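Data first, discussion second: the structure below is written as C-alpha cells.
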Amino acid sequence: MIEQLLEITGGVAQATDDKIRRINGITRRSRMLALNATIEAHRVGALGRGFAVVADEVKSISQEISQLTGSLQSDLRGRLDDLSKCGAEMAARIREVQGERLSDLAHNTVEIIDRNLYERSCDVRWWATDAAVVEVAAAPDRPEARAEACRRLGVILDSYTVYLDLWVADRNGRVIANGRPDRYPGVIGSDVSNQPWFRDAMATAHGSDFAVVDIERSPRLGQSLVASYSTAIRADGETDGQPIGALGIFFDWQVQAQAVVDGVRLAPEDKARSRCLLLDSRHRIIAASDQTGVLSETFPLRRSGAAMGYYTDESGALVAFARTPGYETYRGLGWYGVIVQRP
C-alpha cells in the first residue's frame, strides 16, 4: 500500500511538472504575440491605439499567469516532496517491522526442526539399549536373535512413523537387522563400514553420545532424503560398555521438513510471494516451500556474522534469516531458517 502511495505521489509530481511546463509555454507564446501586436500598433499610429491597449492587457495577463504557475509549482512541489519523504519513512518503518517479524518466523522454523531432531537424538540412544538390539549385536550370526531384532525394530517403526527404517550393524559394519525388510529387502547383509553414520557411531566415547549426518539421499532407501542419527550399541546395554555394533535410524526428512516450511505462519497474501527455506551449514537448501533447489541449490545468504537478521537483496526482495539455536543437549548443525519475500 505504501509503495503504491509513493508511486502515485511520483506520478502526480511528474504530471504537475508537465502541465506547468505546457502553461509556461503558452504564456511565452502569448507574450510574444502581445509584443508583436504592440510593435504593429505603433507602426500604424493612431489607428492601432486600441489594439495596443489589448496587447498590453494580454501581456499583463500572461505575466500574472506566469507568476501564478511559478508559485503553484513551488508550493505543490514542496508539498509533494514532503508527502514523498513521509511515505518513504513509513515504507522504511513498515519494512523494518516486516523484517523483524520474518526473522522471528525464520527463527521459529529452524527451532521447530531443532526440537524435532533433538527427539531423534534421544530415540537412537534409547533404542540402542533395547534388549533385542543388544542381543543381536552381541550374537550377529544367531538367526533367532536376528529375527527378534527385526521384529522389535518393526514394532518401534509402527509407533514412530517419522522414520523410514532402523538398521543394526555388527562391529564390522555388516547390517544384520532392519525394521522393514519387506520394503527394503537389500539392506540386510549390506556393508556400511565406510558410511559416516556407522564410523561416527563406533567412534562415540559413551552411551550418551550420538552421531548425525547432514541431509542426503539414501540409495538403499529408495533415494529418499534422510537425516541419519546413530550411536554405538554397547555390551550388555551399559552406557560405559564396549561398542559391539551400531544402530542407525533414518528420519523421513522430505515429508517432515516439507510440513515445517509449508506451515510457516504467514498471511495468505504474504505466503503467495514468499519462499520459506531451511539451509544447512554450507547454505545448501535442504527444504523449500516451493519444493525447488533441494540439495541442488546453494542460497547466497548474506548474514555478516549475525545469528539473526534481515536485508534487502539486489532484486528488492526482503531476506530474513535465523541460525539454529539448538535445543537441550542438541546443539544443532549450524542450519538456518530463511524467508525470502518478494516486493
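The values are calculated or read from the model by the stated rules, or taken from the named source; none is laboratory data. The structure displayed is predicted, hence computed values, not measured ones. Ideal geometry is used to build each Cβ from the backbone, glycine not excepted, and the neighbour counts take in all protein chains shown.
I'm trying to understand the selection: among the residues of the range 131-146, which are in contact (Cβ under 8 Å) with a residue 60 or more places away in the chain, surrounded by fewer than 19 Cβ atoms within 10 Å (Cβ to Cβ) and within 12 Å of Gly245 (Cβ to Cβ)?
Ala138
Which one of these does Ile113 not meet: (1) farther than 30 Å from Arg275 by Cβ; (2) outside the structural domain of Gln223 (by TED's automatic domain parsing)?
Looking at each condition in turn, Ile113 falls short on (1).
Among (1) among the β-branched types (Val, Ile, Thr); (2) surrounded by 17 or more Cβ atoms within 10 Å (Cβ to Cβ); (3) at pLDDT below 95, there is one condition Ile94 misses while meeting the rest; what is its number?
Every listed condition holds for Ile94 apart from (2).
Each row is one residue, and each column tells you yes or no for (1) under 29 Å from Phe210 (Cβ atoms); (2) surrounded by 12 or more Cβ atoms within 10 Å (Cβ to Cβ); (3) modelled with pLDDT under 95; (4) not aliphatic (A, V, I, L, M).
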| site | (1), (2), (3), (4) |
| --- | --- |
| Ala306 | no, yes, yes, no |
| Gly316 | no, no, yes, yes |
| Phe321 | yes, yes, no, yes |
| Thr324 | yes, yes, yes, yes |
| Gly337 | yes, yes, no, yes |
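Check the range 268-290 and report whether any residue there is under 30 Å from Gly154 (Cβ atoms), modelled with pLDDT under 95 and among the aliphatic types (A, V, I, L, M).
no
Just checking, how many residues over the range 285-302 are part of a strand (DSSP E or B) and in contact with a His (Cβ under 9 Å, 6 or more places away or on another chain)?
Matching residues across the range 285-302 total 1.
Residue-by-condition table, conditions (1) in contact with a strand residue (DSSP E or B) (Cβ under 6 Å, 6 or more places away or on another chain); (2) at pLDDT 95 or above:
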{"site": "Gly189", "(1), (2)": "no, yes"}
{"site": "Val192", "(1), (2)": "yes, yes"}
{"site": "Gln195", "(1), (2)": "no, yes"}
{"site": "Ala201", "(1), (2)": "yes, yes"}
{"site": "Val213", "(1), (2)": "yes, no"}
{"site": "Ala227", "(1), (2)": "yes, yes"}
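Quick one: which of Ser208, Ser190, Ser224, Ser159 is touching an Asp or Glu at 6+ places or on another chain (Cβ under 8 Å), of a type in the set (S, T, N, Q) and assigned by TED's automatic domain parsing to the domain that holds Ala132?
Every option except Ser224 fails the conditions.
When the range 144-187 is examined, which residues are found to be in contact with a helix residue (DSSP H, G or I) (Cβ under 9 Å, 6 or more places away or on another chain), within 13 Å of Asp130 (Cβ to Cβ) and hydrophobic (A, V, I, L, M, F, W, C)?
Ala145, Ala149, Cys150, Leu153, Ile156, Leu166, Val168, Ala177
Keeping to the range 104-143, report how many residues are among the acidic types (Asp, Glu) and either touching a helix residue (DSSP H, G or I) at 6+ places or on another chain (Cβ under 6 Å) or not in a helix (DSSP H, G or I) (or both).
3
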